[in-house]
Structures are given as C-alpha cells and as structure tokens.
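Trainee: First the structure, then my questions, so here it is.
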Amino acid sequence: MRWNEPSGGFFLSLTVGFEADDAALTRSAEEYGVIWTPMRYFHPDDGGRRSIRLSVSYLSPEEIDEGVTRLVAFIDAETARHRARPGPT
C-alpha cells in the first residue's frame, strides 16, 4: 500500500492491492461505513484502477482516526478476498 503526503488540500490518494471499483466502494460503504472515490474517475485512460481518493475536508481528528480504523479493516478484508480467488485455469 502507498499513499501521497499532501502539503495541503483536502484529499489523500491511496494505492491498494485490489481493483478499487464501484463494487468495492459499495462494500466499503455498506460494511465498514467508509466512502471514498475510485481514482479511475480522474484518469482519461485505464489508470487509477488500484487507487482511491479520500477526503478529509469536513472531518474532525477523531472522525479521521475512526475512519482510518474502519478503512484498514476494509482494506485487510478486501485484500484477503482477492487473494482467496482462484486463478485462471
């Protein structure tokens, strides 16, 4: 996992080990209460497929801490889910 270190602004981008698509976003929101934006929305080509954009503009430090805890749980579960998939035969 990688992330940028912004010097300002309201967003952080995070590279994850799975495809950050609409289905993953739905699981994150419904099961973990964390909403993010797939970075592929910001790429004109096929880029950003494994990156998410997090907003921190309207959150208290306590809410950010709670969100990070929930996000880590989601990322761990999603990574395990993708590792458990059988490969092509």
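The values are calculated or read from the model by the stated rules, or taken from the named source; none is laboratory data. Since this is a predicted model, take the numbers as computed values, not measurements. Backbone-built Cβ (ideal geometry, glycine too); neighbour counts: all protein chains shown. For accessibility, only protein heavy atoms count, side chains too; no ligands or nucleic acids. Shrake-Rupley method; radii C 1.70, N 1.55, O 1.52, S 1.80 Å.
Trainee: For residue 80 and residue 43, what is the calculated FRET efficiency with R₀ set at 22 Å and r taken between the beta-carbons, to the nearest 0.05?
Mentor: Efficiency, from the Cβ-Cβ distance: 0.25.
Trainee: Please compute the net charge surrounding residue 31, taking Lys and Arg as +1 and Asp and Glu as -1 over other residues with Cβ under 14 Å from its Cβ.
Mentor: Local charge sum for residue 31: 0.
Trainee: As a check on your grasp of the helix formula, calculate [θ] at 222 nm for the chain: sum -39500 (n - 2.57) over DSSP H runs of n ≥ 4, divide by the residue count, round to the nearest 500.
Mentor: Here the helix-only value at 222 nm equals -11000 deg cm²/dmol.
Trainee: Continuing with the same structure: Given a 1.4 Å probe, how much area per residue of the chain is accessible, in Å²?
Mentor: Spelled out: the 1.4 Å probe surface of the chain, per residue, equals 71 Å².
Trainee: Another question, then. Leaving out ligands, DNA and RNA, and with a 1.4 Å probe, what % of the accessible surface on the chain is carbon or sulfur?
Mentor: 54 percent
Trainee: Could I ask something else about it? Stick to Cα atoms and the Kirkwood definition of Rh, then tell me Rg/Rh for the range 9-89.
Mentor: So for the range 9-89, dividing Rg by the Kirkwood Rh gives 1.00.
Trainee: Please compute the length gained on full extension between residue 22 and residue 56, using 0.36 nm multiplied by the number of residues separating them and subtracting their Cα-Cα distance.
Mentor: Full-extension gain reported as 10.2 nm.
Trainee: Quick one: helix 61-84 against the long Cα principal axis of the chain, what's the angle to the nearest 10°, folded into 0 to 90?
Mentor: Compared with the principal axis, the helix lies near 10 degrees.
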